[in-house]
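Nothing in this text is a laboratory measurement; each read-out follows from the coordinates by a stated rule. In this text the structure is predicted, and so the values were computed from the model without any measurement. Quick reminder, even Gly has a Cβ in these numbers, built from the backbone with ideal geometry, and neighbours come from all protein chains shown.
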């Protein structure tokens, strides 16, 4: 079950501490509701996405997010981003699975 709802979201990439050659980690930025650590309506950037469980995206910290509406500017620049993201992130029942599927 998803515990937090992320609205007006967009993908953001961050380089991990592994230097210039390290692959970027995928994070989400948006307005959060239902998160125990943030007041409803706070703008946040998530920890990097580890995997998904159905429609929930799970971060390495273990928070389960359901995606609300995509940021309209992001959607215009990257149409179909929600479906591409859900296809790219590995579905797993194991919390230890932190790898993303390679792009096809």
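The shape of the stretch 25-89 comes out oblate: with a ≥ b ≥ c from the C-alpha gyration tensor, a/c is at least 1.5 while a/b does not beat b/c.
Distance between the pseudo-spin-label points of residue 91 and residue 69 (7 Å out from Cα toward the beta carbon): 2.8 nm.
For the peptides 81-87, 59-65, residues were scored by their other Cβ atoms within 10 Å and the scores averaged per peptide; the highest-first order is 59-65, 81-87. Label separation (residue 42 vs residue 12): 1.4 nm, computed from points 7 Å beyond Cα along the C-beta direction.
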